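Working notes for the structure below.
The values are calculated or read from the model by the stated rules, or taken from the named source; none is laboratory data. Predicted, not measured: the structure shown is a model, and the values here were computed from it. Heads up, the Cβs are rebuilt from the backbone with ideal geometry, glycines too, and the neighbour counts pull from every protein chain shown. Ligands, DNA and RNA are excluded from the accessible area calculation, which covers all protein heavy atoms including side chains. Shrake-Rupley method; radii C 1.70, N 1.55, O 1.52, S 1.80 Å.
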Amino acid sequence: MSEYERLTEAISSIQNQYEIGIDYSDGKDMAAICLIDGQAETVIKALSEFSELSKAKSEGRLIILPSKSEEIIRIVELALRIKLYDWQKAYITGVSDYVMPGRVSGKTTAYMIRLCLSEGNTIDLTKRDEIRRYADGCHGSHYLDWFRHELQCVYMELKKVSGLKLRTIIFNKPKARDVYDRR
């Protein structure tokens, strides 16, 4: 079953089950819109959560909704197509400053995500000193270039998500034509 078909089926199912009036021809146009935005998984999950909330309400059950931090973590995981460890989630959201020891444990990934989501002044990574200042360490002569490149990849993926507030980070020097248009 294609992503489009799954999304259409999920929308139609929710419409029928809860008699929701959505003016989209049986959910198909809505599915196309969601696919264009790359939000199919998010919409299916939201619809299933709505389904569960509606069912719980009718049965008189209580459901604890996720906090804003949990929602941000879920969005980050979807955007980067990764599953974060619990310690990374706590570190990224500022609940803990614990960092897993050892190599290849996800320290740099967690640090990069936390840096992108942090508040503060614009970071200008076109300058070597700034890269050195913001890198999570210097592990050889090529590490700073690698760090800048990987941070840019993480930042650009997170930037694709609408509604996710990111710190402004400059990776490339603006070209003269971007600064001053001679026309």
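Assuming charge only on the beta carbon of Lys and Arg (+1) and of Asp and Glu (-1), the dipole of region 68-170 about its Cα centre is about 120 debye to the nearest 20. Here the calculated FRET efficiency for Glu70 and Lys127, from their Cβ-Cβ distance with R0 = 35 Å, stands at 0.45, rounded to the nearest 0.05. A crude spin-label estimate for the pair Ser162 and Trp146, with each label 7 Å from Cα along the Cβ direction, gives 3.7 nm. Between amide H atoms placed 1.01 Å from N, distances below 5 Å from Asp124 occur with Ile170, all of them 5 or more places distant or on a separate chain. Checking the Cα-Cα distances for Lys107/Lys160; Lys89/Lys173; Lys68/Lys107; Lys89/Lys127; Lys83/Lys160 against a 27 Å cut-off, the pairs over it are Lys89/Lys173; Lys89/Lys127.
Sorting Arg132, Arg148, Arg103 by accessible area puts them as Arg103, Arg132, Arg148; the probe is 1.4 Å, largest comes first, and only protein heavy atoms count. When Lys173, Lys127 are compared by accessible surface with a 1.4 Å probe, the order from highest to lowest is Lys173, Lys127.
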